[in-house]
1. Here are some pairs, LYS110/LYS137; LYS62/LYS137; LYS45/LYS99; LYS92/LYS112; LYS92/LYS137; which of them have Cα atoms lying more than 22 Å apart in this structure?
2. Give me the distance in nm between label points sitting 7 Å out from Cα along the Cα-to-Cβ direction at THR111 and THR152, one decimal.
3. Could you calculate the FRET efficiency of SER94 with GLU46 from 1/(1 + (r/R0)^6), where r is the beta carbon distance between them and R0 is 22 Å, rounded to 0.05?
4. Computed over the Cα atoms, what is the radius of gyration of the stretch 65-156 divided by 2.2 N^0.38 Å, N being its residue count?
5. For LEU115, what residues show an amide H to amide H distance below 5 Å, using hydrogens built from the backbone and excluding near sequence neighbours?
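What follows draws every value from the coordinates through simple rules; no lab data is involved. Here the structure is a predicted model, which means the values were calculated and not measured. Cβ: placed from backbone, ideal geometry, glycine included. Neighbour counts: every protein chain shown.
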Amino acid sequence: MINKQFYLFYFSCVKIFKMKAFIFSLFISITFLACSESDTKKSEKEKDSYEATKESLQDKEKKNPQNFLIVTGNNRNNLVGQTVVKGTITNKASVATYKDVDVKLDFYSKTKTLLETDKEIVYEVIGPGVSKNFKTKYFAPKGTDSVALSVTAAKIVE
């Protein structure tokens, strides 16, 4: 009789243990699935947010290329009497690529009087973070002491 009760008790304990193990594994599985779904949704939201920010940034960069293109340079006179202007255009944009950059050249006297303004188009493709060099020659007006460079426009590479 004791052996029978012992076996009944033993088998009921085994059943309870198996049930607890099953419930525990079910709980772990549900938790894992719930976490992985939220991670997937979170990464999708982050990707969507990144794409929206990227598009917004691209719109700003398209509308105002002169805010993202920086021109620097210097000038000298050659033997023929021309003013040689060497410059570098740097694209500070994060997304936009520009081409055919309009550069305005302002020729100034020693007293900083504006003598003449010319326009030069630099036919280069300038990607984000890229710098391109250019060189141009002008017969500058008499009395030219310095040349100021500025970007006025550029085309967007689609």
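1. LYS62/LYS137; LYS45/LYS99; LYS92/LYS112; LYS92/LYS137
2. According to this spin-label approximation, the distance is 2.6 nm.
3. Working: r = 18 Å, r/R0 = 0.80.
Computed FRET efficiency for SER94 and GLU46: 0.80.
4. Its radius of gyration relative to the 2.2 N^0.38 Å reference: 1.12.
5. Under 5 Å from the amide H of LEU115 lie the amide H atoms of PHE107, TYR108, SER109, each far enough along the sequence or on another chain.
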